[in-house]
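Here you go, one structure.
Each value in this text was obtained by applying a stated rule to the coordinates, not by laboratory testing. Values in this document were obtained by computation on a predicted structure and should not be read as measured data. Backbone-built Cβ (ideal geometry, glycine too); neighbour counts: all protein chains shown.
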Amino acid sequence: MSTPAIVVFTAKTVETILTEGGTSAWRLHPDHAKARTYAVLTRNKFAKWSKGPEPHRAAFLVGKISDVVQAPNRDPGRYLIEFSEYAVIDLPDVWAKGDRNPVKYVDIEDLKIDPTKLKWNAMPKANAAKVSTPETPLAPDGTLTIAEAKRRLATTFGVSTDAVEITIRA
């Protein structure tokens, strides 16, 4: 028997995920993600904004997927995978070395995770006021980054950040 799951490579902490009601802001096909039963979160320790204590590539949380919705405070095309329940786990080296796309579809059994043996917790109600905005809005010196400028312009004009090009002439 196979149980469909989605695996994501994230720098967000368990606390952030619980506050947001799931994991975001992923570029994915929402219908494909909704067809999955579980989301397995693995640690990206090397992202600039990474704050979680888990080892790089380790699985640290499994969520039961309840819905996939447009991510609040994000560009169109970015999605929040909402959870009804979650379980904290500690499973090293789940994210494969060399995988480049931070989202992949698998069967949970292939990850050697047995959902029936996990300690499930009810997901707290998401706090929309605390849903995170992009993790690196400003450079360390407080100046606006290109990434944040593109995000703001894309939001203003209702397009993807991929549609925004910035040219700086000196």
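As a check on your grasp of the helix formula, calculate [θ] at 222 nm for the chain: sum -39500 (n - 2.57) over DSSP H runs of n ≥ 4, divide by the residue count, round to the nearest 500.
Values: 3 runs with 24 residues, N = 170.
One gets -4000 deg cm²/dmol as the mean residue ellipticity at 222 nm.
Could you quote the convex hull projected area for the stretch 1-138, Cα atoms only and averaged over all directions, in nm²? Let's see the in-between values first.
Numbers: hull surface 32.4 nm².
Average projection, Cα convex hull of the stretch 1-138: 8.1 nm².
Another question, then. Reachable aspartates and glutamates from K112, Cα under 13 Å, same-chain residues fewer than 8 places away excluded?
Excluding near neighbours in sequence, the set is D90, D93.
How high is the FRET efficiency between V69 and D107 when r is their beta carbon distance and R₀ equals 22 Å, given to the nearest 0.05?
Details: r = 24 Å, r/R0 = 1.10.
Between V69 and D107 the formula returns 0.35.
If the limit is 24 Å between Cα atoms, which of K34/K104; K97/K125; K104/K150; K34/K150; K34/K97; K12/K119 go over it? Could the numbers behind the result be given before it?
Working: K34/K104 13 Å; K97/K125 34 Å; K104/K150 26 Å; K34/K150 29 Å; K34/K97 26 Å; K12/K119 21 Å.
With Cα atoms farther than 24 Å apart: K97/K125; K104/K150; K34/K150; K34/K97.
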